[in-house]
Structures are given as C-alpha cells and as structure tokens.
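Only one structure is covered here, and it is reproduced in the block below.
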Protein chains: 2
Amino acid sequence: MQSQLISATKQIIHLTKNDENILLKLFVHKHFSKGDYFLKEGQVCKFVGFIEKGLIRYFINKDGEDAIYNFGKENDFVCNYESFLDHSASNKNIQCIEDTLMLVCSYDNLQEIYTSLSEGQKWGRLVCENLFVNAIKQITSLYTAAPEKRYREFLEFYPDLQQRIPQYYISSYVGVKPQSLSRIRKRLSDN
Amino acid sequence: MQSQLISATKQIIHLTKNDENILLKLFVHKHFSKGDYFLKEGQVCKFVGFIEKGLIRYFINKDGEDAIYNFGKENDFVCNYESFLDHSASNKNIQCIEDTLMLVCSYDNLQEIYTSLSEGQKWGRLVCENLFVNAIKQITSLYTAAPEKRYREFLEFYPDLQQRIPQYYISSYVGVKPQSLSRIRKRLSDN
C-alpha cells in the first residue's frame, strides 16, 4: 500500500522514485497517545508532522482559558510554523485528542527535502501556503466571529469530525459554554 | 541605481540578469495617494505589492471598530495572502497612510515568476513564509495580548515608524483609546 504522505504529495507535485525514497527516509514515524502534546506553549516547534491516523487540536491561552482554534486529522500537516521557522517559543499548543500516528520531519531534514526533491521548493511553498492560510483563517475567525458564525464554520470546516470531537472541545472552538452551544444548535435546527 | 525589489530579492535568492529582467517586467509601478486602499474588505486581493516608498496599515473590523493589526513600510511585501491564494473575499483592509509607491504583481504573473526564475519556487516559499509569519504573529497578538504588551510590541516591531504613524493609529494597534495610550506610555517611562 502506498504511503499516505506519498499520495498526498503526489497531489501537489510530481515525484520521482528517488523523491519518494527521500521523503520516506526524512519523515519518520512517531506515535502519540491520546492526551500527548505535539507542542506545548513555551517550547520551540522542532518538527513538521503529517497525520496518518488520529486527531489533534490547536489551542491558545486567552485570559487564562484555552481557546481551540483548529483541528487536524488524517492527511493534514501539523506545525506551528512561525515557531518552527523562527526557532522561537510557541504561544500555541498542539495536542492529540486520539491516539495518533504521525510522520515527523525536523527542520534540517525539511531543508534537505526542499533542495533534494526535483520539485522540493515548490512543494515547500505549497505546503507553507496551505498551513498558513488555514491557521490565519482560524485565528482571524477566533478574533472576529460571533459564536453562531463560529459554529457554522465548525460544521463547514470539519463536516466529518463531529462524531470524533468531544462536545466540550466544540464549545471551546465556538467560544461558549456547553449550555450555550446547545442553545445555538437548537436555534439553527429550528430555522 | 538598482531597484529596491532586486536588492531585496538578492538577499534571499541568487538572481541571474535574466531573472532580474523577468521580475522588473512582471512587477509594475503603481502610485497610491494617502488614504487610498490597496485592498478593501469584501474585495478579492488580486495583487502582491512591494513598497518602494510609503506606509500602509492593515486593519480588520471587530464589533464595528477598526482594529489595526499591522503596518508595512519600504521594502515590505504587501498582501492579504489568504484572499490572494483562494481568490476569496478579504475580511481585512489594507490602506495607504502616506503617498505610496509600489511595485505590484498579479496572481498570474506571480505564477510565471515562480516557474521562470532559476530559484523562483524558493523565492515564493521564502516570501510566503515571511508574509505569513508576520501576519499570524500580529493577528495572534491582537487576540491575546494585553494593551501594555501590545504597545511594547509596537515599539519592538516598528522602532523606526513612531514619528510617521499618527497617534490614533498607534492607539488602534494597541487596542485602546488615545487617553489610555498616554497612561500606558507614562507608566512605561516611569518604570
């Protein structure tokens, strides 16, 4: 069976057999148990991950409360890219909310991929664009959107994840208490 | 005199003479008067800009008020990259706060640069990383940081811009009324 990473990469660039071998050498498997952190606030993000199986949440501390701003699932790349690029302390957390199997790649190995793959720089640009567009949309929404809009966005962004994500995480993403989420749901289903 | 765009580009990739000619053909001059918008909320961002001379502000509407989350000055690239990449309506505004001379490049021309320059993809990746790291740091700070921290960040990010940016824009960036900004300043100078 072809690696999911190879399949996903082939959707954005052309891969030679040699390119495939480089990717599979420089991304290594890592297992996380449910509750394990991929990255904790204050740490430097040292890896880019690619989820083969599992589910993660991204969250940030806002006035002492955790605010979830994103989820990641199978075939998603995982990173706090601004910490990874700058080697700076992360102000965000990334935690596995299911047992999760990832392929992870260090900063130095990623640079090697950029220069060794026939279309490595293009791949880097496209993955970077994808990670960042996602992150910035989510953070902007967290800052500006009202709870009901946030809940509609949750349904839109993660239509296949509703059964896998606990209710209190959905509430945190929406930015309300669980009781308020029930009211939002009722209002939307009444309309 | 060498174009600023060429000098800035040479700091991140190697440019042949042919590469320089491609860049100077595909980026074209555009003049904006003080107050003109590079991008208005609701529009699709159709250009990447490079500031040769001038100053811009990025702002977003939060509960009916404008919140400034970033400034751009000479030698900075200018874009709402998520709108530019997705061809989606922007939820952010970019406005010139001085008469501003830019070099601008359309989406199609940017794709041509990626494929035509000897290190076009690498350049694209690095410019993308830079634009996004900046944007995401600023939006995250807007969401999480207390006013005094925001003011310290302003001084850190824009040490050379204090004289060029009107006080009410600095207040908006910090997220307080002008009177409160004076109190923050006094407190910091007393310490």
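Just so it is clear, none of the values below were taken in a lab; they were calculated from the coordinates. Everything quoted here is computed from the prediction, not taken from an experiment. Quick reminder, even Gly has a Cβ in these numbers, built from the backbone with ideal geometry, and neighbours come from all protein chains shown.
Axis angle, to the nearest 10 degrees, between helix A:147-157 and the longest C-alpha principal axis of chain A: 40 degrees.
With each label modelled as a point 7 angstrom along the Cα→C-beta vector, the residue B:130-residue A:63 pair spans 3.7 nm. Here residue B:34 and residue A:115 are evaluated by their C-beta separation; at R0 = 30 Å the FRET efficiency comes out at 0.10.
Summarising the label geometry, the points placed 7 Å from Cα in the beta-carbon direction at residue B:189 and residue A:74 lie 6.2 nm from one another. Inter-copy label distances for residue A:88: 2.5 nm (label point placed 7 Å from Cα along Cα→Cβ; shortest first). Relative to the longest principal axis of the Cα atoms of chain A, the long axis of helix A:120-144 makes an angle of roughly 10 degrees.
Shown here: region B:145-191, whose C-alpha atoms stretch 23, 20, 19 Å along the first, second and third principal axes, sorted largest to smallest. Per-residue extension of 0.36 nm, minus the Cα-Cα distance of residue A:17 and residue A:41, leaves a gain of 4.8 nm for this segment. A point 7 Å from Cα along Cα→Cβ stands in for residue A:180, and the other copies hold the same point at 2.0 nm, listed in rising order. Between the Cα long axis of helix A:17-26 and the first principal axis of chain A there is an angle of about 60°, rounded to the nearest 10. Pairs spanning more than 26 Å between alpha-carbon atoms, out of B:53/B:177; A:10/A:73; A:149/B:73; A:10/B:17; B:34/B:122: B:53/B:177; A:149/B:73; A:10/B:17; B:34/B:122.
Would you tell me the mean number of C-beta atoms belonging to other protein chains that fall within 10 Å of each C-beta in B:122-132, as a whole number?
Mean shielding by partner chains, rounded to a whole number: 6.
The mean number of partner chain beta-carbon atoms within 10 angstrom of a residue's beta-carbon across peptide A:60-69 is 1.
Close amide-amide hydrogen proximity is noted between residue B:38 and B:94, B:95, B:96, each under 5 Å apart and 5 or more residues distant or on a separate chain (H modeled in the peptide plane; Pro and chain starts excluded). Taking a quarter of the surface of the Cα convex hull of region A:18-143 gives a mean projected area of 7.4 nm².
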